[in-house]
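The values are calculated or read from the model by the stated rules, or taken from the named source; none is laboratory data. Computed from a predicted structure; not experimentally measured. No Cβ is skipped: glycine too gets one built from the backbone with ideal geometry, and neighbour counts run over all protein chains shown.
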Amino acid sequence: MTTNVLIKVTGLEKHFGKGENAVRALRGVDAEITQGEKLVVIGPSGSGKSTFLRCLNRLEEPTGGQIIFDGVDITSPSCDINHVRRRMGMVFQQFNLFPHKTVLQNITLAPVKHKLMTREQANARAMELLNRVGLVEKAAAYPSQLSGGQKQRIAIVRALAMNPEVMLFDEPTSALDPEMVGEVLQVMKDLAREGMTMVVVTHEMGFAREVSDRVMFMDEGRIVEQGTPGDIFVNPQNKRTQDFLSKLL
Amino acid sequence: MTTNVLIKVTGLEKHFGKGENAVRALRGVDAEITQGEKLVVIGPSGSGKSTFLRCLNRLEEPTGGQIIFDGVDITSPSCDINHVRRRMGMVFQQFNLFPHKTVLQNITLAPVKHKLMTREQANARAMELLNRVGLVEKAAAYPSQLSGGQKQRIAIVRALAMNPEVMLFDEPTSALDPEMVGEVLQVMKDLAREGMTMVVVTHEMGFAREVSDRVMFMDEGRIVEQGTPGDIFVNPQNKRTQDFLSKLL
Amino acid sequence: ADKPELHMGTNANFPPYEYHEYVDDADTIVGIDAEVAAAICDYLGYTLVIDDMEFGAIITAVQTGKIDFGMAGMTVTDERKESVNFSDTYATGIQVIIVKEGSAITTADDLFAEGANHIIGVQESTTGDLYCTWDIEDEGLGTVDRYKNGADAVQALVTDKVDCVVIDNEPAKAFVAANEGLIILDTEYVTEDYAIAIAKENTELLEKVNEALKALTEDGTIPAIIEKYIPAEEAAE
Amino acid sequence: MSEWFDGIKAQFILNFVEKSRWRYLLTGLFNTLKITFFAVLIGIALGTVIAIVRSTADRNLNAMRHGPGRTILSFFDKICRLYLTVVRGTPVVIQLMIFYYVIFASSRNSVLIAIISFGLNSAAYVAEVVRGGIMSVDIGQTEAGRSLGFNYVQTMWLIVVPQALKNVLPALANEFIVLLKETSVAGYVAIKDLTKGGDIIRGATYSPFMPLIAVALIYLVLVVFFSWLVGKLERRLRNSDH
Amino acid sequence: MSEWFDGIKAQFILNFVEKSRWRYLLTGLFNTLKITFFAVLIGIALGTVIAIVRSTADRNLNAMRHGPGRTILSFFDKICRLYLTVVRGTPVVIQLMIFYYVIFASSRNSVLIAIISFGLNSAAYVAEVVRGGIMSVDIGQTEAGRSLGFNYVQTMWLIVVPQALKNVLPALANEFIVLLKETSVAGYVAIKDLTKGGDIIRGATYSPFMPLIAVALIYLVLVVFFSWLVGKLERRLRNSDH
Ligand SMILES: Nc1ncnc2c1ncn2[C@@H]1O[C@H](COP(=O)(O)OP(=O)(O)OP(=O)(O)O)[C@@H](O)[C@H]1O
Ligand SMILES: Nc1ncnc2c1ncn2[C@@H]1O[C@H](COP(=O)(O)OP(=O)(O)OP(=O)(O)O)[C@@H](O)[C@H]1O
Ligand SMILES: [Mg+2]
Ligand SMILES: [Mg+2]
């Protein structure tokens, strides 16, 4: 069903710099992400995974191609990207919590300033979400007082507080000490189970296998191969995918 | 013969810092270095090798003990250490050439300023020494234009230009790319052959075996064992020497 | 109390015409000009407000309307008349020469003598400054050092930084009285009339001020003020 | 010795006690602090705005699409650059005189003129400091702000600038000390600041030593005191992470 | 339009052409440059000496044996600290007046007084810059110098200070620009610098605009020009290693 497609990417190009020295990070990427789908993006370093993800909410300005989100062309100049971004949550490798605000302020800042909720509503929603990730008692803490895993869980909650329709994760566990990876993945798994549409760049193959509906392998700015985790991990067709997975596993 | 003893060290102590937190880098070192002797000092990192060497010309001020150089107590307050240092050459791991002066100026600065030679004499002597180390054509170059090996050879020449009675080397080849170690060791071997008294801290066991009269093994601020290279390398007596050498070889 | 304000601009470091003094616990500008101005305002039904500013700024401030009139022991000169109107004269000023006792300068003519090369201290932008600049500096007969106020110029004379100071007679007397070893030469530099500067457009105020000056002189108010600051026996001397 | 002491005492009485002359210093001090304080506020406010424009332009102008946004940003950037060049290229006393004699020629509030003039001057120096502060805030903070749907100005205002200002707080506090000394030229246009207070006394007593030393001492005490406060602030900031 | 232009022209003639008034600006400019240039020289020389004393004390005082050497060093260090505190704690215009009216009360060479006064002031700021430069020279350079038999002063003078000064050369050149603007308060004590040149014209013509703008423009051109030179110097130094 076409009504099911939440994001439709056509011929996406992204070049950094101009002229001969330009880095062609994305070289024509086509993709569809359906409502409720969990898409995992893998690939070697520099293959364009982050760039792809960041183009989806236009943190990177695409050089060419089109991105349709919920029927709206978000690459057109007439689109108000700030409104679109409120419907897409993003989680970064480096957490990027606001260090000058408490955990609660981090979470409620956007909903309140965007007038989506009153301060009371936002606080209530924040406490509910904090409860879900087991960090209620950190509401008044500052980010500097949290562990990496706690920071990332707060970052996820901050994005969820906007009630987004899709969540974008860029290697959310790569900056964590190994003992903290689990707690973040658990939150992501819970989220997946609740039906959230998710696009996840990650090297956590276990997570990919267990949670994802589809795995997409990128190399040199192109989608080289995609399929169910079963297909990709057990039976990769492309030579480069095989190489990549053999090094990883 | 006692007249043969050039440097006599008794009960040398060196503490960094004061009170409980003081680092006791040297804990009572006794040593004699005779005229023309080539002494190699080895030992694990932090054992006090550099500190021992630097105490010999009082670049580090000893905390206790005595150092007699050529019959003079150089640790006594009445001793003019600047005059003593003119008779001892020192070569550093990091070369420490003067970047704002040409090679020739680096070499002639001290002899001329100390009025040991006229500028003409100093220049002539410098060219002679440069010739010996094969760097005559670099006389007008600045240190930044030299390779590491060339820099260290110039540093040796700079020390030799003062016609010192003993040369102190602190890991002279450790900062060099492997392909340049040989050219520096060659210069040191030539120097040894000419009869210079030398104290060398080094990890170059080949050099120690080939050139040294005596090898001294230090650990935790003490001389643990010493003897001819044959004794030490082939038949180390002390457990710690054995450990150290086994890791190294 | 709800009388309209009239702003007067002056440089209050110029005794006895205007200077600072604490009166009834308040920093007040007092002196001949201040009292005459107060009398005029009283007569015309205004409240007087005094703005203390650089002497060199007063004419400009009158032109731009920052102040309504300028009154600072100001001499009428042709140049100034091009910029502002002047009221009738309310006092006579004499530019005199202050020197140290025993100075080689004994008459005003010594300053203009062939080959003279004196350093003359003045207050910046005063008539003393202007005359000395034209007569001496521009003629190559000496140097003019321009101080921010008369007191600084006198201070410089005391410490031999300048050879003499050219300044109005009345402040000069005050300065000489306060500093031992200074004298005023008998020959004056120039005699001139003090008047009130008013903006060219403001002819109405000019007329009113002239009327007030006339009345206040006739009824003895102004002579009394001058007498109070410059006692007659001293003036006669 | 006792004669010398009597002389000092007489000088002291003449310069400060007689006719309550110490009050010139007090009102002068008050004006100096008033001018400095408000000038610093103007400096920080305007300097921050300039810093935002300049750093926005530096970071984004090259990558921006052509269009009205780019034109406007480029225009304001040029204005800011011009402002910085002119203000940093001329002495503050000249700026003060231009404000006093030309721009605000018809204003009577000379303390206000001084505040504006020193404030605008300070802004040019504060701008560079704040710009450094903005540049030192991790770009991830901006990305996080943008990805939550804030526009550029909101992101700057809510997220980047507060952190930038916190980083440069000691430098900004130091600007207060710099201005405190700088305002001493206010007397050039007959503003009764602390320096002028000493000048008035000097003009009345003809003894330069005491008034000048007294004024110098007051400045010194102020500077040492505020420097100590800045040092304390610095240590405190270093020990807290948020 | 043409009327406006005629007005400007008349103003220009009145302020600069008539009675050759432009000459006040020319001699003023000359004095400004003279004061700035020699003050910078004094500042660098004295500032370097202070920097040497301060960095020597910072590095060695703790480790030194008790004895006359330590006492002397500690004494000079205290003097230098006091000097820095006092000079950086008081406005330059107050220092100028103290030099003019008190310390050199009987000197007539007011330009020389200004040179000394601004030079001594500058030294306090230069000292911190040079001290940073000395601290940035590798300690190995000192050790190499000492091991060749040079005493501490020789090592500093022949080896460390030349490298330190080279490192901070752009900052020192910048001090020239800072001083150029700072000397604009020299007119406070009747020195005929550039600013005073404008003041004299203004006092004679009663038109503040032209003289002030002319003076501001001259300063601006000087600052822009010297800043460009400093930029060139910086780029050159960055491209050479010795
Ligand atoms: N801001 C930028 N400016 C210039 N080049 C960039 C920029 N961001 C990314 N690139 C380049 O684009 C290419 C793709 O980068 P991208 O970050 O998307 O890779 P990635 O797959 O996320 O790699 P990694 O696994 O290391 O995060 C790389 O060659 C990278 O160097
Ligand atoms: N300047 C100093 N201040 C404090 N501690 C020092 C200092 N120099 C050396 N030490 C300490 O003294 C001990 C001996 O150091 P030294 O440099 O002599 O060892 P080393 O044998 O030369 O080691 P390496 O092989 O690493 O050069 C170490 O514990 C070291 O940390
Ligand atoms: Mg990436
Ligand atoms: Mg060592």
Boolean, B:Glu60 is within 16 Å of ligand 4 (Cβ to nearest atom), under 17 Å from the mean Cα position of the chain (by Cα) and surrounded by fewer than 23 Cβ atoms within 10 Å (Cβ to Cβ): yes
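Condition test on A:Ser144, is it over 29 Å from D:Ala164 (Cβ atoms) and either touching a residue at least 12 places away in the same chain (Cβ under 8 Å) or within 13 Å of another protein chain (Cβ to nearest Cβ) (or both)? Before you say what the answer is, go through the steps one by one.
Working: over 29 Å from D:Ala164 (Cβ atoms): no; either touching a residue at least 12 places away in the same chain (Cβ under 8 Å) or within 13 Å of another protein chain (Cβ to nearest Cβ) (or both): yes.
Spelling it out, it is not the case that A:Ser144 is over 29 Å from D:Ala164 (Cβ atoms) and either touching a residue at least 12 places away in the same chain (Cβ under 8 Å) or within 13 Å of another protein chain (Cβ to nearest Cβ) (or both).
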Here the residues within region C:126-148 that are under 14 Å from the mean Cα position of the chain (by Cα) and surrounded by 24 or more Cβ atoms within 10 Å (Cβ to Cβ) are C:Thr126, C:Thr127, C:Gly128, C:Asp129, C:Lys148
When you go through (1) modelled with pLDDT of 95 or more; (2) within 19 Å of B:Val201 (Cα to Cα); (3) away from ligand 4 (no atom under 16 Å from the Cβ); (4) of a type in the set (A, V, I, L, M, F, W, C) one by one for B:Met127, which number turns out not to apply? (2)
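So which residues in region E:170-207 are of a type in the set (Asp, Glu) and assigned to a loop (DSSP other than H, G, I, E, B), if there are any at all? Working first, answer last.
Looking only at region E:170-207, we keep the residues that are of a type in the set (Asp, Glu), and these are E:175, E:182, E:193, E:199.
Scanning region E:170-207 gives a single hit, E:Asp193.
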Determine which member of the set C:Ala153, C:Ala91 is aliphatic (A, V, I, L, M) and under 19 Å from C:Glu54 (Cβ atoms). C:Ala153
Spot the failing condition for C:Lys161; the list is (1) within 14 Å of another protein chain (Cβ to nearest Cβ); (2) in a helix (DSSP H, G or I), and only one is missed. (2)
Mind checking which residues of region C:72-121 are more than 14 Å from the chain's Cα centre (by Cα) and among the aliphatic types (A, V, I, L, M)? C:Val84, C:Ile97, C:Ile98, C:Val99, C:Ala104, C:Ile105, C:Ala108, C:Leu111, C:Ala113, C:Ala116, C:Ile119, C:Ile120
Consider D:Ser107 carefully, then state whether it is part of a loop (DSSP other than H, G, I, E, B) and within 29 Å of E:Val215 (Cβ to Cβ). yes
Give the number of residues within region B:214-228 that are more than 15 Å from ligand 4 (Cβ to nearest atom) and either in a strand (DSSP E or B) or modelled with pLDDT of 95 or more (or both). 8
When residues of region E:66-97 are limited to those that are within 18 Å of the chain's Cα centre (by Cα) and β-branched (Val, Ile, Thr), the one farthest from the other protein chains (Cβ to nearest Cβ): E:Val87
Considering only residues that are within 14 Å of chain D (Cβ to nearest Cβ) and assigned to a strand (DSSP E or B), look in region C:56-91 and name the one that is farthest from C:Thr10 (Cα to Cα). C:Phe69
All-but-one check, B:Met180 against (1) closer than 27 Å to B:Phe244 by Cα; (2) within 18 Å of the chain's Cα centre (by Cα); (3) of a type in the set (A, V, I, L, M, F, W, C), failing number (2)
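Among the residues of region B:174-210, which ones are outside any helix (DSSP H, G or I) and either closer than 19 Å to B:Ile33 by Cα or in contact with a Phe, Trp or Tyr (Cβ under 8 Å, 6 or more places away or on another chain) (or both)? Please lay out each step first, then the result.
Initial filter on region B:174-210 (outside any helix (DSSP H, G or I)): B:174-177, B:194-204.
Correct list: B:Ala175, B:Glu194, B:Gly195, B:Met196, B:Thr197, B:Met198, B:Val199, B:Val200, B:Val201, B:Thr202.
Kindly indicate which of E:Tyr125, E:Tyr101, E:Tyr188 is within 14 Å of chain D (Cβ to nearest Cβ) and under 23 Å from E:Ser227 (Cα atoms).
Numbers: E:Tyr101 fails: under 23 Å from E:Ser227 (Cα atoms); E:Tyr188 fails: under 23 Å from E:Ser227 (Cα atoms).
After applying the criteria, what remains is E:Tyr125.
Right, E:Phe118: within 22 Å of the chain's Cα centre (by Cα), more than 14 Å from chain C (Cβ to nearest Cβ) and within 30 Å of C:Asp163 (Cα to Cα) or not?
Working: within 22 Å of the chain's Cα centre (by Cα): yes; more than 14 Å from chain C (Cβ to nearest Cβ): yes; within 30 Å of C:Asp163 (Cα to Cα): yes.
When the stated conditions are applied, E:Phe118 passes them.
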Name the residues in region A:172-218 that are over 24 Å from A:Lys239 (Cα atoms) and within 16 Å of ligand 3 (Cβ to nearest atom), would you? A:Pro172, A:Thr173, A:Ser174, A:Ala175, A:Leu176, A:Val199
